[in-house]
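Working notes, beginning with the structure itself.
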Amino acid sequence: MLHIKRKEMFWGDALHFRTARHKNWTTTLKREYTFEQGMAFHNGTNAGRDVVVSSPKWTWILQTICLGIAVIDLFILFLVFLFH
């Protein structure tokens, strides 16, 4: 669930910036802004990043670690109740 919510937030933010850039370029094409202003807005919303193609992977890593700990705990509890 953590991974799904984090991915949803990530792509929501990415879509927000892409929509803002699209609206700005549409306005630029209507000659309300200059090309330089359009490029400045595009570079500002891009924040120096290249094209993003995937969401963060740290949520999968955290989720896998928690799942591993839970499985080990269940195994230990099984052994304790089996030989107690």
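No value in this document is a laboratory result; all are computed from the given coordinates. Note that the coordinates shown come from a computational prediction; the quantities given were computed from them, not determined experimentally. Every residue, glycine as well, gets a Cβ built from its backbone with ideal geometry; the counts of neighbours run over all protein chains shown.
Can you tell me what the convex hull of the Cα atoms of the chain projects to on average, as an area in nm²?
6.7 nm²
How big is the charge dipole of the chain about its Cα centre, in debye rounded to the nearest 20, if each Lys and Arg gets +1 on its Cβ and each Asp and Glu gets -1 on its Cβ?
About 320 debye.
What 222 nm value per residue comes from the helices of the chain, counting each DSSP H run with n ≥ 4 as -39,500 (n - 2.57) and dividing by all residues, nearest 500 deg cm²/dmol?
-27500 deg cm²/dmol
Can you give the longest stretch of the chain with no exposed loop site, where a site means trypsin sites (Lys or Arg not before Pro) in a DSSP loop (not H, G, I, E or B) with at most 15 other C-beta atoms within 10 Å?
1-29
Could you state the angle between the C-alpha long axis of helix 58-83 and the longest principal axis of the C-alpha atoms of the chain, as a value from 0 to 90 degrees rounded to the nearest 10?
10 degrees
Choose one of LEU74, THR27, THR59: the residue whose Cα lies farthest towards the positive end of the charge dipole of the chain (beta-carbon charges +1 Lys, Arg; -1 Asp, Glu; about the Cα centre).
THR27
Could you name the lysines in cross-link range of LYS30, using Cα to Cα under 26 Å and dropping any fewer than eight places away on the same chain?
Partners within reach: none.
Check the straight Cα-Cα distances from LYS23 and name the aspartates and glutamates below 18 Å, setting aside those fewer than 8 residues away within the same chain.
In chain and number order, the partners are ASP13, GLU32, GLU36.
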